[in-house]
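So the structure is just underneath, and the comments pick up after that.
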């Protein structure tokens, strides 16, 4: 009976993953697994996103997977954006992962919590082409442990004609 229950939940998880990944509005959604020994402060994670639609708006967010052993309630990152025309901007972003009482804000069971932090819900890209996004940890430690994955998501929300 236990084996059948486990098989049922595995099948249900696979079906859910297939249906949730079939969102036609998802332009980009990638995660990178960080080294098990930690995320070194000078090691940026790169994402190249092709944007062809400059009329519609997008939800732009970070995906973060952390362990419950992560020692902070937040994560500061530098987000470096290189536009298709070569212009570069850099932002410092604080991502809250736990509330003031220490309760994790992310979803998930067990040791891993997942957060999708929407940075902008009405982003309009100014020019078409390939945008390069670099995410670098900006905490006050050389090597940050407890963050398993970092990712980027771009989802079309506007449908202007």
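Throughout, read-outs are computed from the coordinates displayed, never taken from laboratory work. Note that the structure is a prediction, hence the values are computed from the model and not measured. So basically every Cβ, Gly included, is an ideal-geometry build from the backbone, and we count neighbours across all protein chains shown.
Remarks
- Label sites at residue 41 and residue 83, each approximated as a point 7 angstrom past Cα along Cα to Cβ, lie 3.1 nm apart.
- Residue 67-residue 30 FRET efficiency (beta carbon distance; Förster radius 25 Å; 0.05 resolution): 0.75
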